[in-house]
Amino acid sequence: MVEIPEDLLRRSAEAKAKALGVPVEQVLAEMKGEGPPVEPPKIEAPVEASDKPEPKEMVVEAAEAVATGDVETITKPATPEPGDEPESIEPDVTEEEEPFEAPAAAVIPDEDAAAAEAEEPAAAVATMGEEETVPVAPSNGGGGNGKVAGLVSPRPSVPPAGLPEGVRTQRLLTVVKARAIQNVKAEPSDKVNTWPHLMLMEFGALLAITGLLVIMSVVIHSPLLEPANFNATPNPSKAPWYFLGLQELLSYFDPQVAGVMVPLFIGLIGFMMIPYVDKNPSTRPTDRKFAIMLYSIFLAGSATLTIIGVLFRGQGFNFSYPWRDGVFFDDLKDWVNFE
Amino acid sequence: MANGNGRTSLKERIKETNEKLWSSQVVESILRPGSPFKQGYSDSPRNRSYVVMNNVLYHLHPVKVKRHGVRLSYTLCLGGLSFFLFILLTITGIFLMFYYTPTAEIAYADMEALSTNVAFGSLVRNMHRWGAHLMVLSVFLHMSRVFYHGAYKPPREFNWVVGVILLFLTLFLSFSGYLLPWDQLALWAVTVGSNMAGFSPVIGDQVKFALLAGVEVSGSTLLRFYVLHVLFFPFVLVVFLAVHFWRVRKDGGISGPL
């Protein structure tokens, strides 16, 4: 028989008394075998998970949760309500002293907000729980090490005396998926707080772009030509600069190819399909030479076409040299205007 | 309080009033826990989290981000800048809407009045125009950055698709705004652009007709482009932006380091 320290016995009695709503002395007496078995005020069937546990799932069996001191607030979801108590409550110190904080804290998925809030208290509880559990249940890792085995409480090595056959001293608290309850292998992540690290950076970028835009807008005036006139076609007529690459293509290919097929099938559908066509899982540039080459060709090609369209196309959309014939692009008409 | 001669100095009184103001019930009710403007704010991990969590704008962000993602050289802030330019364009665009009438008769006169009669009219119009060009550029560069980082790979495939849609919406937004000044540049650029759409196989004429609200650019086209520009495309863009930002978070934040 494992020797049970007096203070642990006392604490578990308190927890149970709180859960049942009976005086502590009564529970303590019963635990020491000096009093009659404690019956909860109102007996109901334990609430169990409705869906059947699948083979891949594991059952976390936990005794009455330890509700002492600081732990109480954290383990509140796992703390049984008085009405939920199973019929038989027997002293089982080995189990009772096992803190249940690990699932309670880890069940919260990796959602930043909730996790961040729980982060500090949870860590503190884990440390406390492990230290206190060691003398009582050395086989159990304190529930905090994340191993599957660590989450399943061992059966008590010595069945409590005076228990009828088949009466369980544990009850089903919850059924958890084998994988999702917590990250078993802690992925190394190097994270910093968004405030101030990221947000100061963003604020700087925001100020910089606003400043750039204001200065640009003071110095460079937007073009405003003569009023729209359907009878005076300008020579040449050019599209906005981001479509000039396409307009340039139009002078080499059939309009159906350059005006429709290229933007629709290469531009829209082709680009959307990139992630589904590129099956290479690596993101390292050395592993993606072909993809990078293709995209770079696209970049260089569209830049070349656009520059040709903007600068090197003159009257009748024929080739011209900007240094000889001037720039035929009205967006740049008032490019620099220090008025 | 005493500063030697028994009186309260002005500096001290200002400080006192300031403290009273910032700890008043009104200010307390506006600032949520963890706000750096709150009295007694201290730099703690908890408050750093609260700053992000308890603000309706900042909580687009996660509380923590990967360290490499904060480096300016990784993202060049291009996605954020595109979004910020969109906000700037919305603000300047609302300003311009007060002074603009989308009819063929008045539009050009409004544009002239904007640069002569309206305070800051010319500046705001320039900001709107150059901001639009910058936005097209930054969205495109953002896409290139994402490609070179391979950041479209699983689980981020769908967000890349949303991003391509956003690029096209940006182009449409810019293109529909191009017509609004109703000058020669606008008219003929849109004529060239919509002629390209007319080359669509089978339904080319119908596409062009729907785009121009007629067989050629006219006053109806102006109204159509105006509504598309100030309402339709921004609305659709915001919907896709929301999905885009949401998926960035759900797909595990910024992509890993190379």
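The values are calculated or read from the model by the stated rules, or taken from the named source; none is laboratory data. A quick note: this is a predicted structure, and the numbers were derived from the prediction, not measured. Heads up, the Cβs are rebuilt from the backbone with ideal geometry, glycines too, and the neighbour counts pull from every protein chain shown. Note: accessible area is taken over every heavy atom of the protein model, side chains too, but ligands, DNA and RNA are not part of it. Shrake-Rupley method; radii C 1.70, N 1.55, O 1.52, S 1.80 Å.
Here are some notes:
- If you sort B:Val230, B:Val26 by accessible surface, 1.4 Å probe, largest first, the order is B:Val26, B:Val230.
- For region A:248-254, 3J(HN,Hα) per residue [Karplus equation, 6.51 cos²θ - 1.76 cosθ + 1.60, θ = phi - 60°, Hz, x = Gly/Pro]: 5, 4, 4, 7, 10, 10, 4
- Accessible surface of B:Glu216, taken over heavy atoms with a 1.4 Å probe and every protein chain present, rounds to 120 Å².
- Cut-off under 5 Å, modelled amide H: who pairs with A:Val176 long-range: A:Met58, A:Val60
- In order along region A:268-285, the phi-based Karplus estimate (6.51 cos²θ - 1.76 cosθ + 1.60, θ = phi - 60°) of 3J(HN,Hα) comes to 7, 6, x, 5, 5, 7, 3, x, 8, 8, 7, 8, 5, x, 6, 10, 6, x Hz; Gly and Pro are listed as x.
- In this simple spin-label model, placing a label point 7 Å from the Cα along the Cα-to-Cβ direction at both A:Gln256 and A:Met216 gives a separation of 4.0 nm.
- Hydrophobic, long helices, defined as DSSP H runs whose alpha-carbon span along the helix axis is 24 Å or greater and whose mean Kyte-Doolittle value is at least 1.0, occur in chain B at B:78-97, B:157-178, B:233-250.
- The H on the amide N of B:Lys64, modeled in the peptide plane, is under 5 Å from the matching H of A:Thr194, each at least 5 residues off or on a different chain.
- Applying 0.36 nm per residue to the separation of A:Asn318 and A:Lys279 and subtracting their alpha-carbon distance, the gain on full extension is 9.8 nm.
- Residues along region B:197-217 losing 40 Å² or more of accessible surface when the other protein chains are present rather than the chain by itself (probe 1.4 Å): B:Phe199, B:Pro201
- Among B:Arg129, B:Arg145, B:Arg67, the residue with the largest mean-square fluctuation in a Gaussian network model of chain B, with springs joining Cα atoms closer than 10 Å, is B:Arg67.
- Once the chain from B:Thr103 to B:Ala197 is taken as fully extended at 0.36 nm per residue, the excess over their C-alpha distance is 31.5 nm.
- Summarising the amide proton neighbourhood of A:Arg171: residues at separation of 5 or more, or on other chains, whose placed amide H is nearer than 5 Å comprise A:Ala62.
- A straight line joining the Cα centroids of region B:101-134 and region A:238-301 runs 34 Å.
- Taking each of B:Lys66/B:Lys153; B:Lys15/B:Lys64; B:Lys64/B:Lys250; A:Lys289/B:Lys153; A:Lys191/A:Lys289; B:Lys20/B:Lys64 in turn, the alpha-carbon distance tops 25 angstrom for B:Lys15/B:Lys64; A:Lys191/A:Lys289; B:Lys20/B:Lys64.
- Total accessible surface hidden between A and B, rounded to 100 Å², 1.4 Å probe: 7700 Å²
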